[in-house]
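The values are calculated or read from the model by the stated rules, or taken from the named source; none is laboratory data. Bear in mind that the values here come from a model prediction, so they are computed numbers and not experimental data. Positions of Cβ are generated from backbone atoms using ideal geometry, with glycine treated the same way; all protein chains shown enter the neighbour counts. Ligands, DNA and RNA are excluded from the accessible area calculation, which covers all protein heavy atoms including side chains. Shrake-Rupley method; radii C 1.70, N 1.55, O 1.52, S 1.80 Å.
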Amino acid sequence: MKTSAIHFAVFMVLAAGVNSGCSSNDARMTLESRSAAVESTIRADATPVGSQPTAVAIGDLNADGKLDLAIVNEAGNNVSVLLGNGDGTFSAATSYNVGASPRSVATGDFNGDNKLDLAVANGTDNTVSILLGNGNGVFSAPIQFNVGAGPRSVTAGDFDRDNKVDLAVTHSGDNTVGVLLGRGDGTFSVPIIYGVGSSPQSVATGDFDGDANPDLAVANNGSNTVSILLGRGDGAFLTPTNYNVGSAPISVAPGDFNRDGKSDLAAANLGGNTVSVLLGNGNGVFFTPTQYSVGSQPRSVAIGDFNDDANPDLAVANSGSNTVSILLGHGDGTFSAASSSSVGSSPTSVATGDFNADGRPDLVVTNSGDNTVSILLGHGDGTFSVR
């Protein structure tokens, strides 16, 4: 079922106060008192969404050439869709019910109609919800697929190279990752299960051994490792190889940090307040990681070229310090010391895209502590302004 976002209600409260003859101060007091009853904090630099937003995915969900947002709200058991206006602003959120305690969301065309759909990992009912898109920003009622215990992260890819989108899901409750092969009609096979490290949280896909087959990288929070599962191209994966990183890794992302044409990895370490950078050999093997200090309790890492020098940079959401750290890449696999931008309360996820169509990457951050998302518009020099 769809529900309108709170910032539409806030606008209506203010309008009602003015139209009834109240003074602007009275209207503002009405706005503040009513919004406080339903939203703990509403700031001029943030967009309200659902209860405890945990993760975000970016895509053009209504096929208008402008980037939109899909945000899972863990305490609300729903996903919010915010359609982009192309100028760095977004429409009021529309929410769709999913499973219990959704923790992650991914986009893909799961039924082959050239319209983006959503996959949501539901943390406490051990399911993945599939919401098929109509192509206009509206989604159908979710279809549930059973997975392993405690799903935490979902990513999409074509793991058997049949031109149908598949899914990989981490299961923190049984220390596994499940691969669900897509049938191309919006449905999926029973998951194929692979053991990884302890309490796997995040999964990402990339080609780590240069064979053009998608591989998987999994951040294992309980064993302080990243597992690499090399894909065979038929939907199956080899036994994982584990690499030590920092303390309590919770997010992993691939990129080519030294511009050698080989995939590298960045992992955000919740317990160590660091990001680990692992340079790849191109054959599925990674070097000993280099650690970089970031903010307190980093929970998510994203990659983009934030200063327009063609070198990949890092953005890290720090839930303990309410900041995003930016580490500018030198193009040789090393990074500058982190600079920080303030965001909302308890940021849990960060992603990058060009939201105002100026050719510069921007950031979106989910703030689980105040039920908002922050939009940071990039200047193209490695700095950002909060919209």
Inset, instruction - Would you grab the residues whose amide H sits under 5 Å from the one on ASP370? Only those 5+ places off in sequence or on another chain, please, with H modelled 1.01 Å from N. - result: SER345
Inset, instruction - Determine the shape class of segment 226-341: with a ≥ b ≥ c the square roots of the Cα gyration tensor eigenvalues, call it rounded for a/c under 1.5, and otherwise prolate if a/b is greater than b/c, oblate otherwise. - result: oblate
Inset, instruction - May I ask for the distance between the Cα centers of segment 204-247 and segment 294-339, given as a whole number of Å? - result: 22 Å
Inset, instruction - Quick one: angle between helix 24-38 and the longest Cα principal axis of the chain, in degrees between 0 and 90, rounded to 10, please. - result: 40 degrees
Legend entry - From phi via Karplus (6.51, -1.76, 1.60), per-residue ³J(HN,Hα) for segment 130-137 in Hz, x at Gly/Pro: 10, 10, 7, x, 8, x, 10, x
Legend entry - Local net charge near VAL165, Cβ-Cβ under 14 Å (Lys/Arg +1, Asp/Glu -1): -4
Inset, instruction - Taking amide H positions as placed in the peptide plane 1.01 Å from N, state which residues far from ALA351 in sequence (5 or more) or on other chains have amide H under 5 Å from it. - result: VAL364
Legend entry - J(HN,Hα) series, segment 191-200, from Karplus relation 6.51 cos²θ - 1.76 cosθ + 1.60, nearest Hz, glycine and proline x: x, 8, 9, 10, x, 10, x, 7, 6, x
Legend entry - Proximal charge balance of ASP308 [Cβ under 11 Å; K/R count +1, D/E count -1]: -3
Inset, instruction - Hey, can you grab everything whose amide H is under 5 Å from the amide H of SER199? Only 5+ residues off in sequence or another chain; H modelled, so Pro and N-termini drop out. - result: ASN175, GLY222
Inset, instruction - Give the calculated FRET efficiency between PHE287 and ASN97 to the nearest 0.05, with a Förster radius of 35 Å applied to their Cβ-Cβ distance. - result: 0.20
Legend entry - Answer label for mean projected area of the Cα convex hull in nm² (calculated), chosen among [x] 17.6; [y] 24.4; [z] 22.4: [x]
Inset, instruction - Provide the per-residue ³J(HN,Hα) series for segment 300-310, in order, calculated from phi with Karplus coefficients 6.51, -1.76, 1.60 and θ = phi - 60°, each as a whole number of Hz, with x at glycine and proline positions. - result: 7, 10, 10, 10, x, 9, 8, 10, 6, 10, 6
Inset, instruction - Describe numerically, in nm with one decimal, the distance between label points set 7 Å from Cα along Cα→Cβ at SER247 and at ASP162. - result: 4.6 nm
Inset, instruction - On the protein heavy atoms, probe 1.4 angstrom, tell me the percent of accessible surface of the chain carried by carbon and sulfur. - result: 48 percent
Inset, instruction - Please label the shape of segment 284-365 as rounded, prolate or oblate, based on the square roots a ≥ b ≥ c of the eigenvalues of the alpha-carbon gyration tensor (a/c under 1.5 means rounded; beyond that, a/b larger than b/c means prolate, else oblate). - result: oblate
Inset, instruction - Would you work out if segment 69-165 is rounded, prolate or oblate? Take a ≥ b ≥ c from the square roots of the eigenvalues of the alpha-carbon gyration tensor; rounded if a/c is under 1.5, else prolate when a/b is larger than b/c, oblate otherwise. - result: oblate
Inset, instruction - Starting from the Cα of ASN114, step 7 Å along the direction of its Cβ; do the same at ASP185; then give the gap between the two resulting points in nm. - result: 2.2 nm
Legend entry - Probe 1.4 Å, all protein chains present, accessible-area order of HIS171, HIS379, HIS330, largest first: HIS330, HIS379, HIS171
Legend entry - Per residue solvent-accessible surface (Å²) - the chain, probe of 1.4 Å: 37 Å²
Inset, instruction - Enter the angle in degrees (range 0 to 90, nearest 10) between the Cα long axis of helix 6-19 and the first principal axis of the Cα atoms of the chain, meaning the one along which they spread out most. - result: 10 degrees
Legend entry - Value at 222 nm in deg cm²/dmol, rounded to 500, when DSSP H runs of n ≥ 4 in the chain each add -39,500 (n - 2.57): -2500 deg cm²/dmol
